[in-house]
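Trainee: Dumping the structure here so I can ask a few things about it.
The values are calculated or read from the model by the stated rules, or taken from the named source; none is laboratory data. These numbers were taken from a predicted model, which means no experiment stands behind them. A quick note on method: Cβ atoms are made from the backbone with ideal geometry, for glycine too, and the neighbour counts reach across all protein chains shown. To get the accessible areas, we keep the full protein, side chains included, count just its heavy atoms, and leave off ligands, DNA and RNA. Shrake-Rupley method; radii C 1.70, N 1.55, O 1.52, S 1.80 Å.
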Amino acid sequence: MSEHTKKWMKAAGIRAIKTVAQTAVATIGTAVLLTDVSWVAVASASVLAGALSLLTSVAGLPEVDYA
């Protein structure tokens, strides 16, 4: 595996994890009480957001030097 690929995978992974966490916080925040949280919906939305983040990263990441 090339050094460039390793850098891309690390940057894309970090970005996806941050996106998953942000989505989870936003989804949980829509509930009035903690008991009202639909954990299945939180997990579903968060995993989807992470997958979309990885797919978006294919277009390029500013953190990775392409020179």
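Trainee: Using the alpha-carbon atoms, what tilt in degrees (0 to 90, nearest 10) does helix 39-57 show relative to the longest principal axis of the chain?
Mentor: It is inclined by approximately 20 degrees.
Trainee: If you don't mind, another one. Mind giving me the nanometre distance, one decimal, between the label points for Ala31 and Leu55, set 7 Å out from Cα along Cα→Cβ?
Mentor: A separation of 2.7 nm, rounded to one decimal place.
Trainee: A follow-up question, please. What's the angle, to the nearest 10 degrees (0 to 90), between helix 3-28's Cα axis and the longest principal axis of the chain?
Mentor: Once rounded, one gets 10 degrees.
Trainee: Solvent-accessible area per residue for the chain at a 1.4 Å probe radius, Å²?
Mentor: With the other protein chains kept in place, the chain gives 73 Å² per residue.
Trainee: Suppose only helical runs count, i.e. DSSP H with n ≥ 4. What mean residue ellipticity at 222 nm does that imply for the chain under -39500 (n - 2.57) per run, divided by all residues and rounded to the nearest 500 deg cm²/dmol?
Mentor: Helix contribution divided over all residues of the chain: -23500 deg cm²/dmol.
Trainee: On the protein heavy atoms, probe 1.4 angstrom, tell me the percent of accessible surface of the range 1-58 carried by carbon and sulfur.
Mentor: Values: 3000 of 4150 Å².
So the carbon and sulfur contribution to the accessible surface is 72 percent.
Trainee: Here's another thing I want to ask about it. Please state the relative contact order of the chain as a whole percent: Cα pairs under 8 Å, 6+ residues apart? Walk me through the numbers on the way to the answer.
Mentor: Numbers: 44 pairs, mean separation 31.8, N = 67.
Reported as a whole number, the value is 47 percent.
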